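The values are calculated or read from the model by the stated rules, or taken from the named source; none is laboratory data. Remember, it's a predicted structure, so these values are computed and weren't measured experimentally. Cβ: placed from backbone, ideal geometry, glycine included. Neighbour counts: every protein chain shown.
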Amino acid sequence: MIGITLPDGTVKQFESGATPMDVALSISEGFARNVISASFNGTKLETTTPLTTDGSLTLYTWRDDEGKEAFWHSSAHILAQALEQLYPGIKLTIGPAIDTGFYYDVDFGEHTISEKDLPTIEKKMLEIARGKHTFSMRESSKAAALDFYKKQGNQYKVELIENLEDGTITFCDHDTFTDLCRGGHIPNTGIIKAVKLMSVAGAYWRGDENNTQLTRIYGISFPKQKDLKEYLELLEEAKLRDHRKLGKELELFTFSQKVGQGLPLWLPKGTALRERLENFLKKAQKKAGYEMVISPHIAQKELYVTSGHYAKYGEDSFQPIKTPNEGEEFFLKPMNCPHHCEMYKHKPWSYKDLPKRFAEFGTVYRYEQSGELHGLTRVRGFTQDDAHIFCTPDHLDQEFMNVIDLVLYVFGSLGFADFTAQVSLRDPEKPEKYIGSEENWEKAESAILNAAKAKGLNYIVETGEAAFYGPKLDFMVKDALGRSWQLGTIQVDYTLPERFDLTYKGSDNELHRPIMIHRAPFGSMERFVAILLEHTGGNFPLWLMPEQVSILSLSEKYENYAEKVLNSLENDEIRALVDNRNETIGKKIREAEMNKFPYMLIVGEQEEKDGTVSVRKHSEGDIGTMTVSEFSELINTEIKKNTVDFNV
């Protein structure tokens, strides 16, 4: 008999050789019908794999990310089989599951393929799926695996196998198809009921542009046709909310080939939006005891050698700036933290002076590959809402929790209510990825876990996702379309204080190392604005809107009254403009709606006579006639209702 431990701690006894599906059936037949994958002692396996030792078993359904991963990985196998049947002689390479489905990279040889061929491939995939073929794993010797693919002339699979150890190689079989695979599949192909191939793209073998260019086919699949329909509707909504589209329509930002790829240009309305976000955070930071600082956009190479950033990221940075002086090199600033370390070092500190909190909206530069650039979410120049707290060990837990409070305040004020915290720890199997001592890493990781527990955060732990100098707490936020984004990060760092020889004098009159906390609630202004645009569809909270009111005059006869209304609103600190163009009122209203003005005030003969305004609300229509002072009160009440003060 073997003991199988379930996630709730329950231990069940089974005969050796029982499968994960047997365990699922022992819980209930209804549950078992929904189980599509499993992991045993942290390793993915099939639901039909015999279990022969005691261990911990987790069963996954479509609702679980791990279940979706197995579902989409299995779908990639079906895509590969369909392609082999439709295009004989092709060479398969790799086909993983990704966050939005799956893809397969293929060398099509003499065949050509385009997006018009995708419906035919989908039809073939569904035909295969309906066969309800079982996915089964089998081991293979390295020699046999190499022989199999050499006979096919598939140099890509041969290359993959040559880098594997004998005794670790497995294949997955279903129907007449076989593929090199590590495992992790659904029970059979019949569970896949709906397939949509999304696009065709080019991809270099192993991501190296010096290698052969392959054809990549992206797809997604579901256990129900209804799920696919909802997904496609969501995609259409996402297109309407695309921040690149909205940013152009609302005149927030632009890009220029002459300025350079990945270097956004903020237009007046976008600049006003950014300034309001910055002022919002500055106000909260001031209450929390932060001091604003400014650092230069470049620094000598030696600064980043000391910090460790050059060793880790030097090759991915912009090339050094050489000066007329022999051997003198500067780099565009990739990080603010080394600069803040040097600021801390400008004078001696006592434990009585700490914590010291330096904050900066600092612009940094990183050379992202051109193929990875995407609107404001992936750029080469961006501004971080950076801050670094230098504190004693006694301060650490409270300071970390104070930063969590600040992040939660930002999310609450901007309508991000659905989020999960992610504690990112180092990978103990790859110590070469990190700098710093084992002891300090353990202290830093404990501090983050303690703070997450103390604040009652809904958090998960991800091993191997830490920064190279310390563990971190990231906030994974879901937007209005249910998509997950990483927003806001807090990191504990014992390493940079050592590398920069930072000290403070303790109560014992001896010198000690401060601990450094890195934090950025927005992350970067560019990425945050992009996500906020897509989350709100451009309908920002009223307090944040670049322009809150458009005053629409019925004709030029009422321009003076419109200007009088404008002056009154501006006196009440309401942002408004007058649209006195020689256009019909219908056209003015339509354009104000498209430009997402929260409120429109229509003024004509009756309004001028009565000293009133006719009020329309975005997406709602007419809400009545009122005096200008009544309207100002309406606006200010709405703003107060949707904003809260940050309390330390």
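Please give the strands (runs of 3 or more DSSP E) falling wholly within segment 430-536 in which 3 or more residues are in contact (Cβ under 8 Å) with a residue 60 or more places away in the chain.
Because the criterion is at least 3 residues that are in contact (Cβ under 8 Å) with a residue 60 or more places away in the chain, the strands (runs of 3 or more DSSP E) in segment 430-536 that meet it are 472-478, 484-493, 515-520.
From the list GLU607, GLU638, which residue is surrounded by 13 or more Cβ atoms within 10 Å (Cβ to Cβ), closer than 14 Å to SER553 by Cβ, of a type in the set (Asp, Glu) and touching a residue at least 40 places away in the same chain (Cβ under 8 Å)?
Going through GLU607, GLU638 in turn, just one is surrounded by 13 or more Cβ atoms within 10 Å (Cβ to Cβ), closer than 14 Å to SER553 by Cβ, of a type in the set (Asp, Glu) and touching a residue at least 40 places away in the same chain (Cβ under 8 Å): GLU607.
If LEU6 satisfies all but one of (1) surrounded by fewer than 17 Cβ atoms within 10 Å (Cβ to Cβ); (2) out of contact with any Leu (no Cβ under 7 Å at 6 or more places or on another chain); (3) more than 20 Å from LYS193 (Cβ to Cβ), what's the number of the condition it fails?
LEU6 satisfies all of (1) surrounded by fewer than 17 Cβ atoms within 10 Å (Cβ to Cβ); (2) out of contact with any Leu (no Cβ under 7 Å at 6 or more places or on another chain); (3) more than 20 Å from LYS193 (Cβ to Cβ) except (2).
Inside segment 563-589, can you point out the residues that are out of contact with any helix residue (DSSP H, G or I) (no Cβ under 8 Å at 6 or more places or on another chain), buried (at least 18 other Cβ atoms within 10 Å of the Cβ) and not aliphatic (A, V, I, L, M)?
Once the filter is applied, which keeps residues that are out of contact with any helix residue (DSSP H, G or I) (no Cβ under 8 Å at 6 or more places or on another chain), buried (at least 18 other Cβ atoms within 10 Å of the Cβ) and not aliphatic (A, V, I, L, M), segment 563-589 yields only LYS588.
Among the residues of segment 161-187, which ones are part of a helix (DSSP H, G or I) and surrounded by fewer than 17 Cβ atoms within 10 Å (Cβ to Cβ)?
Residue satisfying the conditions is GLU162 alone.
What residue, among those in segment 303-353 that are acidic (Asp, Glu) and more than 16 Å from LEU502 (Cα to Cα), is surrounded by the fewest Cβ atoms within 10 Å (Cβ to Cβ)?
Out of the qualifying residues, it is GLU326.
Looking only at segment 471-487, which residues are at pLDDT below 85 and not charged (D, E, K, R)?
Passing the criteria: ALA480, LEU481, GLY482.
Return the residues of segment 199-221 that are in contact (Cβ under 8 Å) with a residue 12 or more places away in the chain and either touching a Gly at 6+ places or on another chain (Cβ under 6 Å) or among the acidic types (Asp, Glu) (or both); say none if nothing qualifies.
Residues satisfying the conditions are GLY219, ILE220.
Of everything in segment 247-302, what is surrounded by fewer than 14 Cβ atoms within 10 Å (Cβ to Cβ) and in contact with a His (Cβ under 8 Å, 6 or more places away or on another chain)? Give them in sequence order.
Selection gives PRO296 alone.
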